[in-house]
Amino acid sequence: TTLDGSPVRERGHPGLYAIADLDASRIDPLDARGLAFFLQLGWADEDVEPFEAYVGGGLTYTGLFPTREHDVLGLAVAAAFGGNGLERAVRLDGDRPAAAETAVEWTYRARIQPWLIVQGDVQYVVNPGVRRSRPDALVVGLRFIVDL
């Protein structure tokens, strides 16, 4: 939308999203245990989308403990870089835009029963909303998966 709130019609703007995964330590393809890495990249037209670019990556380890072969421990880092429109909106609000919103995430996923998985997640977010005036945020989550 424009500054006065009227809609702007945009078409045909390019974007890109790519994911790469690598199972680094698996020898037996039927054995889920081992170390894996991932990388994510994204790009969009910064005049149309709130975020111009995204980069994220991390690692997971499945079966860290001998008696917990299906549990997954993960660590990831991600950064989202604000586009022109988002930066203008932040300035209009009287704030200074940060270069990026950055998050560090730790997670642990445990199979408690054959039908129940519980996943804890902790994220620390620097410059939420790409705004320098906002304090960093701590996000804690707990997810339950029931597979009947």
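Okay, here's what the table says:
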quantity: For ARG33, solvent-accessible area (1.4 Å; no DNA, RNA or ligand), Å²; calculated: 110
quantity: Accessible surface, 1.4 Å probe, highest first, among residues PHE144, PHE38, PHE51, PHE65; calculated: PHE144, PHE65, PHE51, PHE38
quantity: Under 12 Å, Cβ to Cβ, from ARG68 - net charge with Lys/Arg +1 and Asp/Glu -1; calculated: +1
quantity: Gain upon complete extension [ARG134, ARG96; 0.36 nm per residue less C-alpha separation]; calculated: 12.7 nm
quantity: Cα-Cα pairs of the chain separated by more than 26 Å (percent); calculated: 44
quantity: Accessible-area value, LEU22, 1.4 Å probe, nucleic acids and ligands omitted, Å²; calculated: 100
quantity: Solvent-accessible area per residue, Å², over the stretch 96-147 with all protein chains present [probe radius 1.4 Å]; calculated: 63
quantity: List LEU73, LEU35, ordered by accessible area with a 1.4 Å probe, largest first; calculated: LEU73, LEU35
quantity: Carbon/sulfur fraction of accessible area - the chain, other protein chains in place, 1.4 Å, %; calculated: 59
quantity: Computed over the stretch 60-118, the ratio Rg/Rh where both radii use C-alpha atoms and Rh is Kirkwood; calculated: 1.33
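The values are calculated or read from the model by the stated rules, or taken from the named source; none is laboratory data. None of the values given here were measured: they were computed from a predicted structure. When we count neighbours, we look across all protein chains shown, and the Cβ atoms used for this are built from the backbone with ideal geometry, even at glycine. To get the accessible areas, we keep the full protein, side chains included, count just its heavy atoms, and leave off ligands, DNA and RNA. Shrake-Rupley method; radii C 1.70, N 1.55, O 1.52, S 1.80 Å.
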